[in-house]
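Data block below; observations after.
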Amino acid sequence: MESAAVPQELPPDCGVHELFGYVGIEAVLEQMKVKTMKMGFEFNIMVVGQSGLGKSTMVNTLFKSKVSRKASQPGQEERIPKTVQLQSVTHVIEEKGVKMKLTVTDTPGFGDQINNENCWDPIIKYINEQYERYLREEILITRKRKIPDSRVHGCVYFIPPTGHWLRPLDLEFMRRLSKIVNVVPVIAKADTLTLEEREEFKQRIQRDLKAHAISVYPQEDFDEDPDDRLLNDRIREKIPFAVVGADQEHQVNGKRVLGRKTKWGIIEVENPAHCEFPMLRDLLIRSHLQDLKDITHNVHYESYRVRRLNESNRPAPSSNNGLPGRDEDGDESNL
């Protein structure tokens, strides 16, 4: 489903008139709800981080279903690819009549090599390919009523729980990717750090991001009004979220809870006193899912679209709907 357009502000000379009877304008909200429930919607998320940080488990915990395949089973050695390989899996999940077509893209091999130079290139190429696919559908004279949307709406970046500083790899990846996609950094396996270590690490990361002018989601530039800014400021104070993933339930005080069993007890994933997983879930699903899609469509995709259409105005032979061609590396063939 295409992202909703950003509402336009009323002109200053346009007064708001009080009604002297019921018109039924508010019924449009119910109409939108019914339409969404009939058609469903798409949400595409990418998870990036070196192996062993619990990416698959975290995605399964987020959506409370086995939507992400584990790379290996317990007791089996995980095979680490020699290069970054992108793997996407799509599921339709339904809750209370609302259907969501969820695509999760994993990036095995990222950050696992001795030399990780340019390991972000396949990821950038993939994200741009999805923009290109959408653009080619959009510029057709006769186009589909509903353009399939495979664009990445959010990229969750898993930071190893070292307790020190961001690595050069972390900084360079987020610097490059934050320009083309919504990046949400998290501290993976946060239960390996004490609460004091966790807070100190988080503050160091925040200082690193600010020092390198890296704008992660939610970006300050895109706050639409004071209420948005107030909500997002509270979120920005907590980023990166310190998270723990678990897809097994345990008995705690007579209740079944999602958690990880340790020799110190049960780490309850959905308990804010134990970790910040609930904040990540709320951001990605309950409060900001539509905003992630809107910024993808109105900012990141729009930047890509303008650049590509400007390139198409250059004098060069083309047979791709007026757009310059691309070589196998995803670069423009006329550049």
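Of all residues in the range 260-276, those satisfying the criterion of being in contact (Cβ under 8 Å) with a residue 60 or more places away in the chain and closer than 14 Å to residue 61 by Cβ are 260, 267, 269, 274, 275, 276. Of the residues in the range 219-235, not one is in contact with a Lys or Arg (Cβ under 8 Å, 6 or more places away or on another chain), within 18 Å of residue 155 (Cβ to Cβ), modelled with pLDDT of 95 or more and assigned to a loop (DSSP other than H, G, I, E, B). Checking each residue in the range 117-159 for being closer than 20 Å to residue 56 by Cβ, open to solvent by less than 30 Å² (accessible area, probe 1.4 Å) and among the hydroxyl-bearing types (Ser, Thr, Tyr) picks out only 157.
Selection of the range 104-116 for residues being open to solvent by 20 Å² or more (accessible area, probe 1.4 Å) and either modelled with pLDDT under 90 or of a type in the set (S, T, N, Q) (or both) yields 108, 112, 113, 114, 115, 116. Which residues, counting only those in the range 190-223, are in contact (Cβ under 8 Å) with a residue 24 or more places away in the chain, closer than 17 Å to residue 234 by Cβ and charged (D, E, K, R)? Listed by number, the list holds a single entry, 202. Summed over the range 131-145, the residues that are touching an Asp or Glu at 6+ places or on another chain (Cβ under 9 Å) and farther than 15 Å from residue 306 by Cα give a count of 2.
Looking only at the range 28-48, residues that are crowded, with 21+ Cβ neighbours inside 10 Å and either among the hydrophobic types (A, V, I, L, M, F, W, C) or farther than 26 Å from residue 297 by Cβ (or both) come to 5 in all. Total residues in the range 238-255 satisfying the condition of being open to solvent by 40 Å² or more (accessible area, probe 1.4 Å) and farther than 22 Å from residue 68 by Cβ: the figure is 5.
The values are calculated or read from the model by the stated rules, or taken from the named source; none is laboratory data. Just so it is clear, the model here is predicted, and its values are computed rather than measured. All Cβ positions, even for glycine, are placed from backbone atoms using ideal geometry, and neighbour counts span all protein chains on display. Just so you know, the surface numbers come from the protein's heavy atoms only, side chains and all, with ligands and any DNA or RNA stripped out. Shrake-Rupley method; radii C 1.70, N 1.55, O 1.52, S 1.80 Å.
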